[in-house]
Amino acid sequence: MIKKVLLIDAERGKTSSNEIQWGHHPLGLMYLAANVNAVHPEIQFRIFHSLTSVNVLRDLADILQDFRPDVVGVRTLNRFKKEMKDIVSYIKDLCPHIPIIAGGPYPTTAYAEILNERMADIVVIGEGELTMIDIIEQLGQYNRIPSCIPGTAVLKGGIVKKNNS
């Protein structure tokens, strides 16, 4: 059963206090969490926006240790694919058992690359509000990455499988 979900907006961490003024609130992730909570109010969410952190990996380690999520979702733009890769690699080193869901503009356009490089266990293609509910429910019920949810892509037998919406 899924009880805790960590959602990460992977961007470049801030290097000065002025830098955050050009950022944004992770509204997409906030909406995603609210949508899942409408169906599953028992699930706790924590959202980490890396732009708000001076030391992203240290802060992420603290969150993983304190919150202990059952699943992690990572969202990013194409221009921050290196940051996503660094964050996911770090999570996999610390918590290799935690399933990772990727979504957002970069994963939508580069799902094959992300899966082949093992940056995620499942990729949400396009909008994820309903898809995330299905993923969470199936992960909780079967304790494995679902392979047939519409709007996702997975690696199955070493081959990228895209499940059309």
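The values are calculated or read from the model by the stated rules, or taken from the named source; none is laboratory data. As the structure is a prediction and not an experimental result, all values here were calculated from the model. Glycine gets a Cβ as well: all are built from the backbone with ideal geometry, and neighbour counts include every protein chain shown. For the accessible areas, the whole protein counts, side chains as well, though only heavy atoms, and no ligand, DNA or RNA atoms are used. Shrake-Rupley method; radii C 1.70, N 1.55, O 1.52, S 1.80 Å.
Checked against the criteria, Gly128 does not count as in contact (Cβ under 8 Å) with a residue 40 or more places away in the chain, open to solvent by 20 Å² or more (accessible area, probe 1.4 Å) and within 22 Å of Pro41 (Cα to Cα). Starting from the stretch 141-165, keep only residues that are surrounded by fewer than 11 Cβ atoms within 10 Å (Cβ to Cβ), then list their pairs with residues that are assigned to a loop (DSSP other than H, G, I, E, B) whose Cβ atoms are within a distance under 7 Å, requiring at least 6 positions of separation or different chains. From the stretch 141-165, the pairs are Asn164/Pro150. Quick check, is Val39 open to solvent by less than 20 Å² (accessible area, probe 1.4 Å), closer than 22 Å to Val124 by Cβ and at pLDDT 95 or above? Answer is no for this residue.
Residues that are among the small types (Gly, Ala, Ser): which strands (runs of 3 or more DSSP E) entirely in the stretch 64-165 hold 2 or more of them? Show your work before the answer.
Working: elements: 71-76, 100-103, 122-124, 152-156, 159-163.
Here the list reads 100-103.
Restricting attention to the stretch 65-81, does a residue exist that is open to solvent by less than 60 Å² (accessible area, probe 1.4 Å), in contact with a Pro (Cβ under 6 Å, 6 or more places away or on another chain) and touching a residue at least 12 places away in the same chain (Cβ under 8 Å)?
Of the residues in the stretch 65-81, the ones open to solvent by less than 60 Å² (accessible area, probe 1.4 Å) are 67, 69-77, 80.
Add one more test, that the residue is in contact with a Pro (Cβ under 6 Å, 6 or more places away or on another chain), and what stays is 71, 77.
Remaining after also requiring touching a residue at least 12 places away in the same chain (Cβ under 8 Å): 71, 77.
Among the residues of the stretch 65-81, at least one is open to solvent by less than 60 Å² (accessible area, probe 1.4 Å), in contact with a Pro (Cβ under 6 Å, 6 or more places away or on another chain) and touching a residue at least 12 places away in the same chain (Cβ under 8 Å), which makes the answer yes.
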